[in-house]
Amino acid sequence: MISAHIDTFARDHLPAAADQPEFLFDLPALRFPAQLNCATELLDRHVAEGRGGRLCLQAEGIRWTYADLQAQANRIANVLVNDLGLVPGNRVLLRSANNPMLVACWFAVMKAGGIAVATMPLLRAKELTQMAVKGEVTHALCDARLAEELQLALPACPLLTQVSYFNGKEAGLEAAMARRPATFDTVATASDDTCILAFTSGTTGEPKGTMHYHRDVMAICACWPPHILKPTADDIFIGSPPLAFTFGLGGLVLFPMSVCASAVLLEKATPGDLQDAILDHGATVLFTAPTSYRVMAQRAAALRGGTLRKCVSAGEALPAATRALWREVTGIELIDGIGATEMLHIFISADEAHARPGATGKAIPGYVARVVDDAGEPVPANTVGKLAVKGPTGCRYLADARQKQYVKNGWNLTGDAYLVDDDGYFHYQSRTDDMIISSGYNIASPEVEDALLLHPQVAECGVIGVADAERGQIVKAYVVLQPGAAPTPAMVTELQEFVKANVAPYKYPRAIEFRSSLPRTETGKLQRFRLRDPA
Ligand code: 3UK
């Protein structure tokens, strides 16, 4: 395949062939041509085939058609190439809340043959520096309102010399765009040219950069959406995950655009904001995290019988209690799916008709999954082991020794403990390092959390193992109560008895501490390690 990359950094730092996962392209939709640019497929094609007038993106005060987005992306691509000296293969850091300009910048990078390094708005200078240095980032496009942390990072990023700001009071990127034409010849990249360097939201350690090709972007559009989500061109997508989190990029940009639908982008997407925006825009497809569904459920009766028809949960295990609550309040069965930055998007899921409480689902078309022991051998049904998966996408860490931990014998090992039931459904247990061992019993943190969440006074909770002289570890729960509930010793006893009545009594939390909030990543994941070690 003929790479369009002049800057060969990505290709030079791919994991060795032997350390890469096996890739599967069994579905007809996964037979990609040698030359492929995802911007041609997701954006240019719609305009070329006469769909340029269709609505693409909405945000506060903004309505862009596909033709509008293409024109913006083309102007930015011209600025990148002609003003900022970008050559194909260069890495471009993107820093913004979810808004149409961020999407235009992302497509501009794709069109120019660059590699997008999208970063979460809440990241600080230290993390931005780590990513820019590791990715040898040369360019940055940044929302002016988030300039401060990037500017603090720049002195430590000698290669990052070309920075342009948008959405600011001063004429930055927009002024440069106005001087450039709205046409641009999308670079003819190879289908295996890297176009995304996505850093894992990781709960510990140095961030890992995962590399994804143009064909990987199209592969995720060909697998989960048509088989599980089944969207139409009239759907209006909405959600909370940042576009720097591949859950958000897929759910709010790639998937809607793959069917010529539209998306509503929210810079702030608390559960309350989300609910208001769903009603205001008549949104039909919602992407958010399990905790957000739980909080939204309190007011979500207003959504019943409305426009919303599909609700997707990912990022963390979906408690059966949250699935039941959402269905009771809204009448909608949640679509759960496990994805990972390494895999780009969801690989095990179930549509509404096949949803089972407590199970994530089955491997989606295009992927295969199994549960293995420490030697990599499949374990029998109903036995807990490590989740192993293969498909058209997979883990390629940028120059990282941890590649050998994630990929073994061609399988991607996600770090999750799972079991498969007699019907082939995959049941999440915990992260493999979140198993609590107390008096010789294996106890999965999420199982205890699920049991606590069934109690009406529990808003949120996090369960960890703490060292104990007698039992090795004991189960400790951090609990956020619903507004108005009292954090009393009587409540501790009540919650303990409640758990004992719902799961095997040895799993009950011997210690309970009340908190006003729990530590979470920007992607909504509970940071159990911060409960274990607050420093
Ligand atoms: C956990 C889940 C149980 C699991 C992601 C959808 O979360 C995403 O990517 P990350 O790299 O984290 C991956 C890890 O998160 N997880 C995610 N979804 C579920 N656990 N049930 C789920 N439904 O530990 C996994 O290994 O941040 C999710 C799409 C794209 C993504 N990047």
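Please treat every number below as a calculation from the coordinates, not as lab data. Here the structure is a predicted model, which means the values were calculated and not measured. Backbone-built Cβ (ideal geometry, glycine too); neighbour counts: all protein chains shown.
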Principal-axis tilt of helix 214-224 within the chain, Cα atoms, nearest 10 degrees: 40
Loop sites in segment 1-68: trypsin sites (Lys or Arg not before Pro), DSSP, at most 12 other Cβ within 10 Å: 31
Integer Hz, Karplus 6.51/-1.76/1.60 couplings in order for segment 463-469, x for Gly and Pro: 10, 9, x, 10, 4, 9, 4
Mean separation of Cα contacts under 8 Å (6+ apart) over length of segment 435-532, as relative contact order %: 28
Around residue 356: net Lys/Arg minus Asp/Glu count, Cβ-Cβ under 9 Å: -2
Fraction of antiparallel bridges per DSSP, the chain only, in percent to nearest 5: 60
In segment 145-188, GluC sites (Glu not before Pro) in a DSSP loop with at most 14 other beta-carbon atoms within 10 Å: 170
Cα-based reach from residue 500 at 18 Å (exclusive), listing aspartates and glutamates while leaving out same-chain residues under 8 positions away: 447, 449, 450, 513
Trypsin sites (Lys or Arg not before Pro) lying in DSSP loop within segment 111-216, provided at most 10 other Cβ fall within 10 Å: 169
Pairs from 126/386; 268/408; 230/525; 310/476; 408/525 whose Cα-Cα separation, in the structure shown, is over 31 Å: 126/386; 268/408; 310/476
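If you average the sequence gap of Cα pairs under 8 Å that are 6 or more apart and divide by the length of the chain, what percent do you get for the contact order?
Normalised by residue count, the contact order of the chain is 13 percent.
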Within straight-line cross-link reach of residue 404, aspartates and glutamates at Cα separation under 12 Å, skipping those fewer than 8 residues along the same chain: 19
